[in-house]
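In what follows, a structure is listed as structure tokens, so that the remarks can point back to it.
The values are calculated or read from the model by the stated rules, or taken from the named source; none is laboratory data. Quick caveat, the model's predicted, so the values are computed rather than measured. Cβ placement follows ideal geometry from the backbone for every residue including glycine, while neighbour counts extend to all protein chains displayed. Only protein heavy atoms, including side chains, enter the accessible area calculation; ligands, DNA and RNA are left aside. Shrake-Rupley method; radii C 1.70, N 1.55, O 1.52, S 1.80 Å.
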Amino acid sequence: MDDKNIKKDRVVFLVLQHKENQGKLCVDCVQNTTVTEYLKELSYFGFDTRPEGRLPYSKECEILPGEKIFFNVNGDYLRPERRESGPFFIQKDNQKIIFVHPKNIEDSDVDIAKGSVTFFRYTGSEGEPLATNISEGPLFTSIDTISFQLKYLGNNQRPKSRKDSLQINLPQPVEGSADDSVPSAKFIPVETPDGTRDLLRRSLTKYEISDTIPLPANFKLELPKGFNDDVQISGVLMSNRDYSVVLDCYEVLIGDVIRLYPSEFNPSMPLILSHGFDDPTHEVVIKCSFDGTTDWVALDTIKVDNRHKAFISKFQFYAAVSRPMVDHFTINKSSKVCSSSFDPNIQMRVPERSTNDVRFMTMQVLTMDENMVERIANKYGVSLSTSPIISVTDNSNKSFLKPVTLTMPLAPRSTLVQSVDERSLVILTDNDDDEWRDITDSCKYTIHGDYVSLQVEHFSRYTNVRSKPKVSAKRALNKISNQMRNGMKLANLLLLQNKKDPCSLCIECVCSKIQDKRLQELQSHGFGAPKGKLPYGPDIEIREGDEIFFTIKGDHIESEDGNGRHFLMQFHSESKNHRMVQVKVKDATRGLDDELVGYVHFYTCHKPSRSRPKEKVPGRQFEDMRFTIPGPRRSSLKGPPKTRHKHRRSCSQRETEEVMKRTFMYLADNLRRDEWKQVGYTLGLDATNFSTLECNYPNDFWEQKYQMMLLWQQLDGKRATVERVIKSLKDRSLKKIAEGVKKISSERATACHAKSILIMFCNFREELTSER
């Protein structure tokens, strides 16, 4: 029979290294259609899917069914533990695990040893004896070579694990091995990419729990039946100031870091660490680290009942992280409707016979922070509303034979973009690189209610926006998508003084969403805005977990502890980074009568280096906030005349406050959108002040204008007068509004003058009566 008519298998060769024991290699040959699925299985067993020195698989190759394939392991400092070169085929269950060691153990002080695995096709006849050395020649034809690197091989020591990475505890049929302590395993094939998670879930649920230990940060440690180690287990909450979790894209820390003790204890059997977090749109991953600052590893975490669980085999640092949930689907020739667990109306409708292969697809819904969208839209001068980003992945790079319908939510109506038509709706897509493309005119879409459906032939990321002007939609969405990927959050820096003890300062960094709530909490404990400055700074962008330094400075002011005057906060959206800082006067001769002015300077943090992980120093300065420590009040002289003058001064002060209040309300009623900032700039306010006002009162234009005048009065103090307001209005050619303010001032002055005459007449009458 002609070889051209024989159906050949398309295969790839795999070489992977174990993460913990890098002298352990997995060598295999698998069919091309199962490579992605099989790599996921191997990763659950601790093998690195991206080994050092080479991709985990070689080029695609065609082989005949039943053909023998051989391989050799070579390296300058390596030798196989036993001869593993031998024929195998071509199926997933023919996996080979080999061990390599330095050739000369006593002299092998190298840190990295390079090796390679060479694959050969057997070209001899069936009865012909095999050669002693497998190499290129008449019996063997070289197909491909995969390089690898082995680390920490010196001093006859196997690499010690620095990660708490007990992989899934699946039932494994044991095969022969040179080392009984590390048996080779025959992997169990699964039908879907999520099948391994199902096996892990069954493995977790089959454990009979005999005891549960409650831990901080909503953790629990579950001890399986049969655990009888004589040890006292405890969990300690660690300070976010000293331990930071490394976060990946779209991940959010949902609690504090904990540490399990005793740290040197290795349990005799796997334990289960669980975390309680209830959000149907997100999944929880438990991460661990040997030192709490570096090498954070995500454990295989499965939700069982109402808790998220993972196996652990070491006591070290742990934290819980949430990320958007991923839905898995298997697509074949039959039609299928794939609905998202986030919203059942978000769907992929795959028609019948749209693909000839079995495809494994995932869907992830990424929601956007409304505050961030509004802030970036204002920055780019565009009215913008967005829908969630629908991210769909496919293990095949081929297009569908028939169009697939993707249904996603329609961007909500905004105040300036009310209609859905060609002038406002923009449909965008990108290939997971934050470079969005406008496909509104090139794709077929239909709008039905609050959803839009479009036909696609391949998947990436899709979303839609309503934008005016439409041309700015891509630019704004690129910025929003990039900040989502990097975990950027809007935060405020708070600065308040204690009303009873002005030397006591509260400094805090909080998420913008909880700014007002946090201010109310602090004010209820006796804290108020420092003189001359708002209690909070403008919105700033901070990545989750970033460290912020602040320093306190002033001509006659220093911090209570005085040691460098450097303080460190770490921003987490779920944590309250409240810091109480005491300040005092340096020179006892100053500050007895005068008000003292100090400053708080905020800096980003230089990331600690690997060589000096504990080094933390301030970096770029990005914000200053001013505070004032008032001098002591002077007691007034006693006596009837002074009392009357004091009454007259307080009366005049109340009248002035009433005039200012009515003036501010009049300006809030009459200033238009194109006028209010002009007046503010003329009075001395800056862009930062306006940004703060717009963020704090986004939907109340009247309140923005009124608070602008209150802010000006707070900043200028005694210099804030009605005359300055009138002059500013005239400078901006707002003569009509200036006349209205002048009329308010004149009416109140007339009323005050009449009231003063009446008071003087009453006092004169009382004195005359007393003399008689």
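Summary table
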item: Percent carbon-and-sulfur accessible area, the range 438-526, ignoring ligands, DNA and RNA, probe 1.4 Å; result: 48 percent
item: Neighbour cut-off at most 15 other Cβ (10 Å), DSSP loop, trypsin sites (Lys or Arg not before Pro), the range 430-507; result: 444, 499, 500
item: Peptide ranges 731-740, 661-670 listed from the most packed, as the mean C-beta count within 10 angstrom indicates; result: 661-670, 731-740
item: Residue 401 - accessible surface, heavy atoms, 1.4 Å probe, Å² rounded to 10; result: 110 Å²
item: Restraint check, 517/705; 309/402; 576/677; 533/736; 225/314, Cα-Cα greater than 30 Å; result: 309/402; 576/677; 533/736
item: Gyration tensor (alpha-carbon) shape descriptor, the range 399-499, a/c threshold 1.5; result: prolate
item: Area of residue 682 that stays accessible when all protein chains are in place (1.4 Å probe, Å², to 10); result: 50 Å²
item: Residue 136 accessible area, assembled protein chains, probe 1.4 Å, Å²; result: 120 Å²
item: Greater than 28 Å apart at Cα, pairs in 489/584; 468/489; 59/474; result: 489/584; 59/474
